[in-house]
Amino acid sequence: MKLFKIIFKILVVLIVIFSLLYLGLYIYVKNNPIDIKINNSYYIYDNNSKLVNSMSDEWIKLDNISNNLVNATISIEDKNYYKHHGFDYPRIIKSLYVNIINRNHMQGASTITQQYAKNLFLDFSKTWKRKFKEAWFTFKLEANYSKDEILEGYLNTINYGNVYGIENAAHYYFNKSAKELNLAEASMLAGIPNSPSNYSPLLNEAKAKKRQKIVLNSMVKNKYITKNDANKAYNTHLTYYGHLESNNSNTIMYYQSAVMDELMNINSISKSILETGGLKIYTYLDMNSQLNLEKNIEKYIKNDKLEVASIMMRPDDGGIIALIGGKDYKKSQFNRATKAKRQVGSTIKPFLYYAALENGFTASTTFTSEKTTFLFDNNKTYSPKNYNNKYANKEISMAAALAYSDNIYAVKTHLFLGEETLLDMLKRVGIKDNLKANPSLALGSSELSLMDITSAYAILANTGYKVNGHLIKKVEDMNGNTLYEYKNDKDKVLNSSITYILSELLTSTYNYNFIDYNYPTCYDITEKLTNKYAIKTGTTDTDHLIFGYNKNVVLGIWSGYDDSKISDVKDGTPLRQIWADTIEEYFKNKKPKWYKIPDNVVGTLVDPITGMPTTDSNKATMFYYIKGTEPNYDENLESLIPTIKEEKENDQ
């Protein structure tokens, strides 16, 4: 009896403490509410400050959402929603029992309020810290808002397959408002949030239909509809729309997802602000360029399984004006432009040749292009091959080696300089990957991201200033206060005179003067190019790439298979056509800029293959040199000298 009294007193004390604690917390959260109409709202603007597509769009009232959708959501996600206070304890106990018995996580017990709290934080980790925050926000939501208000917020922000909010989803999938959704459409949409990548009908209709059936059966079980209603809805043929009227793009979501990834990594914006949202995000997006790039990819890449990624960047500050992470976001959300690492092939060679120019090479420096086996210590050998096994079997200039993308010349240069030289060069232009010094590095055997290599090309394009590719220009809160603004430090890492010479060398890839024993790699797009560009292509067994630039813009494109299988595309013709059409369209109503000749650089007319002065006026090509390193003229070539003077005056 005495023990019972002690236990009773302890229980009373615990209940009193718990009640006081609960009362204190309740008073605190009532005085510190959260604005559920701002939370999880992210408004993304293009380079003209035009709203591209907000991540929550216009907030709509619960009364403007179809009852079919509301009932379907409650039925499948939280049938006791209007009966609990944020936590469904019987359901929690049941799910724990099922999971323990089956020794697996087979059932969850999150309520709609808990899911909404989770969505507000954009954090789906499974740590105890996150679960505590979820519980805390669940408590705050239930204390400050009615059930209808919480449900309204949930439906306005939930993920329906990377389309956020039910109004967006209704327009995206069925081209109608949320209020107009019928039972068939509503039950399909209500099934998506459980696993957006699996249950989106645009990604996997078979799985989506199975999920729809589960939703409809739950509605029957919870007496929202009859069995006959469920069968009729399930058998209704649904036609999917597949885009939002605001942009009508299959790829814009890649840009948006990259923006959100970048936003979450801006250290100067506090975690609490990022988690609660309500932000205006101003980007460099040029919608015309984005749609044009997408159009050209669709035009030239017909293989459904062959993927493409592309980045279009401003060289002066690294601002990204267009980004495509794949051919169709509806089919694959993996962003190949920012997250994939692939072999870059010969597109690494400009950085090798910059290092060579910095170490005494010139545009006329020659090596013999022929089948070569390199012998190293311990009798190790390396036998690189040229594309299509074409060799000059004679000495060729650096300019010719770039024009044909000659691998023998590149490896000889790499070994002559020392394998560490290219590694150091890549670090200078921002490549942070832990690459290894080896002979094949000169041929792009290492894997890099499209973002990193495009940023490196931007440094060549801006004459040597380090930039980092980025999408966000500025972030403001809903009151217009600036929370973040990108600042470019303009750190000089390369020599402007050498970048000028290299950029001129890269025009050889589409110069007809280089047609000899081989063709320049981009000769097939020469007729399309009305402006001057520096261009380099790259090919491996699994990848095709092309990068090109002038003073205004850098455009990089990659194509290959996600599983890295050997490509059945014999050459990079489709990519070259995409690149040429896209870059020319970009300059349709703009005036492109090339570079002024630096004071310490001179031009000399030479034979493009040998790199030596020539009397052949049909073959003579202008090469550029640091003063004092140019090949000497014979007296009979004096008549050719005024050509460079005229060109120099025109560039000024």
Looking at ILE566, ILE578, which is the one that is over 23 Å from the mean Cα position of the chain (by Cα) and hydrophobic (A, V, I, L, M, F, W, C)? ILE566
What number of residues in region 465-489 are surrounded by 21 or more Cβ atoms within 10 Å (Cβ to Cβ) and part of a loop (DSSP other than H, G, I, E, B)? 3
When every residue in region 336-351 that is of a type outside the set (S, T, N, Q) and assigned to a strand (DSSP E or B) is compared, the one surrounded by the most Cβ atoms within 10 Å (Cβ to Cβ) is ARG342
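Yes or no, residue by residue, for (1) buried (at least 17 other Cβ atoms within 10 Å of the Cβ); (2) of a type in the set (Asp, Glu); (3) in the same structural domain as ILE472 (by TED's automatic domain parsing); (4) under 30 Å from ASP581 (Cα atoms):
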| site | (1), (2), (3), (4) |
| --- | --- |
| ASN198 | no, no, no, no |
| PRO201 | yes, no, no, no |
| MET219 | yes, no, no, no |
| THR226 | no, no, no, no |
| ALA230 | yes, no, no, no |
| TYR241 | no, no, no, yes |
| GLU262 | yes, yes, no, yes |
| TYR284 | yes, no, no, yes |
Can you confirm whether ASN288 is surrounded by fewer than 17 Cβ atoms within 10 Å (Cβ to Cβ) and either outside any strand (DSSP E or B) or not assigned by TED's automatic domain parsing to the domain that holds LYS474 (or both)? yes
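Please verify whether LYS280 is without any contact (Cβ under 8 Å) to a residue 60 or more places away in the chain and under 21 Å from HIS470 (Cβ atoms), treating the condition exactly as stated. Lay out the reasoning, then the answer.
Numbers: without any contact (Cβ under 8 Å) to a residue 60 or more places away in the chain: no; under 21 Å from HIS470 (Cβ atoms): yes.
Answer is no for this residue.
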When you look at TRP579, is it hydrophobic (A, V, I, L, M, F, W, C) and surrounded by fewer than 22 Cβ atoms within 10 Å (Cβ to Cβ), yes or no? no
Might you let me know whether region 245-255 holds any residue that is closer than 30 Å to GLU294 by Cα, part of a helix (DSSP H, G or I), touching a strand residue (DSSP E or B) at 6+ places or on another chain (Cβ under 7 Å) and in contact (Cβ under 8 Å) with a residue 24 or more places away in the chain? yes
Of all residues making up region 170-196, the number that are buried (at least 24 other Cβ atoms within 10 Å of the Cβ), assigned to a loop (DSSP other than H, G, I, E, B) and small (Gly, Ala, Ser): 1
Can you tell me how many residues within region 595-626 are in a loop (DSSP other than H, G, I, E, B) and out of contact with any Phe, Trp or Tyr (no Cβ under 9 Å at 6 or more places or on another chain)? 12
Condition broken by LEU203, with the remaining ones in (1) modelled with pLDDT of 95 or more; (2) not in a helix (DSSP H, G or I) satisfied: (1)
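I'd like to check something: does region 490-505 contain any residue that is buried (at least 16 other Cβ atoms within 10 Å of the Cβ), in a loop (DSSP other than H, G, I, E, B), in the same structural domain as ASN335 (by TED's automatic domain parsing) and in contact (Cβ under 8 Å) with a residue 60 or more places away in the chain? Reasoning before the result, please.
Initially, region 490-505 is screened for residues buried (at least 16 other Cβ atoms within 10 Å of the Cβ), giving 494-505.
This time we only want the ones that are in a loop (DSSP other than H, G, I, E, B), so: 494-495.
When the remaining residues are screened for being in the same structural domain as ASN335 (by TED's automatic domain parsing), the result is 494-495.
Filter again for in contact (Cβ under 8 Å) with a residue 60 or more places away in the chain, leaving 494-495.
Taking every residue of region 490-505 in turn, at least one turns out to be buried (at least 16 other Cβ atoms within 10 Å of the Cβ), in a loop (DSSP other than H, G, I, E, B), in the same structural domain as ASN335 (by TED's automatic domain parsing) and in contact (Cβ under 8 Å) with a residue 60 or more places away in the chain.
The values are calculated or read from the model by the stated rules, or taken from the named source; none is laboratory data. Just so we're clear, the structure is a prediction, and the values are computed from it rather than from any experiment. Neighbour counts run over all protein chains shown; Cβ positions are idealised from the backbone, glycine included.
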